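Take a look at the structure below.
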Amino acid sequence: MRLFAWPLLLGLLLSVTSASAERTHVVGDGHTLGKIAKRYHVSIEAICNANDIKRNESIKAGQKLVIPDAGDEDGSRARASHQHEQQAKSLPEAAPKSSGAPANDGMQVLAVPGYGNAYYYEPTGPGRLALRPVIMYLHGRGGHPEADCKRWAPVARQLGWLVCPSGPGAMGTGRGWNNNWATAHRIAMGALSTLRTKFGRRVQVYGNTLIGFSEGAYAAMNVGVREPRAFNRWLILAANSTYWGAPGQEHLTDVRGRVRKVYLITGEQDEVVEGTRTVREILRKAEVSTRITTPSDMGHEVDLNDKRELYRAALVWLNQG
């Protein structure tokens, strides 16, 4: 019996290629949704939801399946992140630069010790050489921090420094946070500290703004409740109440009055929109000044092309008072 089972087990193990860090499983001969779910300790329903397939749908050898993390019980986070990754792959890759070398549009590279590169822009406009706040963008799973920073620059630079750290995990051609807010915490604070060391009192240490999208929203919400002095204003895109978990909500209660403002933007067609509304209620109970916008024509996305003014208005509101 053991000899019979071993080839199948070996096939399952071999089907997890170097992309296993991306939680992707390549279906092999004899694989079923039940066996795959058991292999990764997740439910069949979570796998089906993550891949937009039905429980009774046939799977074929060679087919790639996104595997949700254990904490993603219904697979919704994996599905949303995979959709964003597919969108991100269509972005053009920027040419590599040496550390600290400015791009033609003014983007520069900041080496965060132990955590790779962050991309940043200096402030523009009046007072740009004085003390200015930091706006830090945490990308979604499969995101491209360099390309994302270019997209956010026209929206954010007049309000302060724009800093876009890189997630630690390789996700296709992009980066991810490995569903690890603790690492995201260290990277965010490391980027802020490194920027301050480089530019001194031109960089504001307290009262800054965090932007997070999708997996970056999960990271930003957890970093924000643990660093309410450094980041007391948040723009959370596609927020979900499950991103906090009980410990995060406990921290929010502990820092009552120190988180100043939160703006939530989630597309009405995004499957996490109800979770975003729950986040609004949690924030309001914690007496955090909160606004929410749910555009009817948006899904799980950041639409900086057609809705640039929406994001800019959100940042302006966050930075007032």
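The values are calculated or read from the model by the stated rules, or taken from the named source; none is laboratory data. Small disclaimer: the values here were computed from a predicted structure and weren't measured. Don't worry about glycine lacking a Cβ; one is built from the backbone with ideal geometry, like all the others, and counts go over all protein chains shown. Accessible surface is based on the protein model in full, side chains and every heavy atom, while ligands, DNA and RNA are left aside. Shrake-Rupley method; radii C 1.70, N 1.55, O 1.52, S 1.80 Å.
Annotations for the structure displayed:
- Antiparallel bridge percentage (DSSP; both residues within the chain; nearest 5): 40 percent
- The simple spin-label model puts a point 7 Å past each Cα toward its Cβ; for R39 and N56 those points are separated by 2.5 nm.
- For the chain, built as a Gaussian network whose Cα springs stay under 10 Å, the top-fluctuating residue of R202, R132, R308: R308
- Residue of E281, E215, E57 that the Gaussian network model of the chain assigns the largest fluctuation, springs spanning Cα pairs under 10 Å: E57
- Under-5 Å amide H pairs with E301, H placed in peptide plane, nonlocal only: G267
- Shape metrics for the range 224-268, restricted to C-alpha atoms - Rg then Dmax, Å: 10.8, 32
- Shape class for the range 149-260, computed from the alpha carbon gyration tensor (a ≥ b ≥ c): oblate, with a/c not under 1.5 and a/b at or below b/c.
- Whole-angstrom gap from the range 262-299 to the range 54-69, using each part's C-alpha centre: 31 Å
- A 1.4 Å probe run over the chain, with the rest of the protein chains in place, finds 45 Å² accessible per residue.
- Entries in K54/K150; K261/K307; K38/K64; K64/K307; K38/K60 that, when Cα-Cα distance is taken, lie over 27 Å: K54/K150; K64/K307
- Coupling constants for the range 199-205 follow from the phi torsions by the Karplus curve (6.51 cos²θ - 1.76 cosθ + 1.60, θ = phi - 60°), and in residue order they are 10, x, 6, 7, 9, 6, 8 Hz; glycine and proline get x.
- The gain in end-to-end length when the R284 to K198 segment is fully stretched comes to 27.2 nm, 0.36 nm per residue minus the alpha carbon separation.
- Working from label points 7 Å from Cα in the Cα-to-Cβ sense, the D105 to E274 distance is 3.8 nm.
- Hydrodynamic radius of the chain per Kirkwood, over alpha carbon pairs, in Å: 20.5 Å
- Among D270, D306, D52, residue whose mean-square fluctuation peaks in a GNM of the chain (springs only between Cα atoms under 10 Å): D306
- Projected area, mean over directions - the range 194-240, Cα convex hull, nm²: 3.4 nm²
- Highest average packing first - 290-298, 173-181, Cβ atoms within 10 Å: 173-181, 290-298
- Carbon and sulfur %, accessible surface of the chain computed with the full protein complex present, 1.4 Å: 51 percent
- Pair-distance profile P(r), taking every C-alpha pair of the range 186-315, with 10 angstrom steps and integer %: 13, 44, 32, 10, 0
- Here the translational diffusion coefficient of the range 120-197 follows from Stokes-Einstein with Rh set to the Kirkwood radius across Cα pairs; for 10 °C and 1.306 mPa s it amounts to 122 µm²/s.
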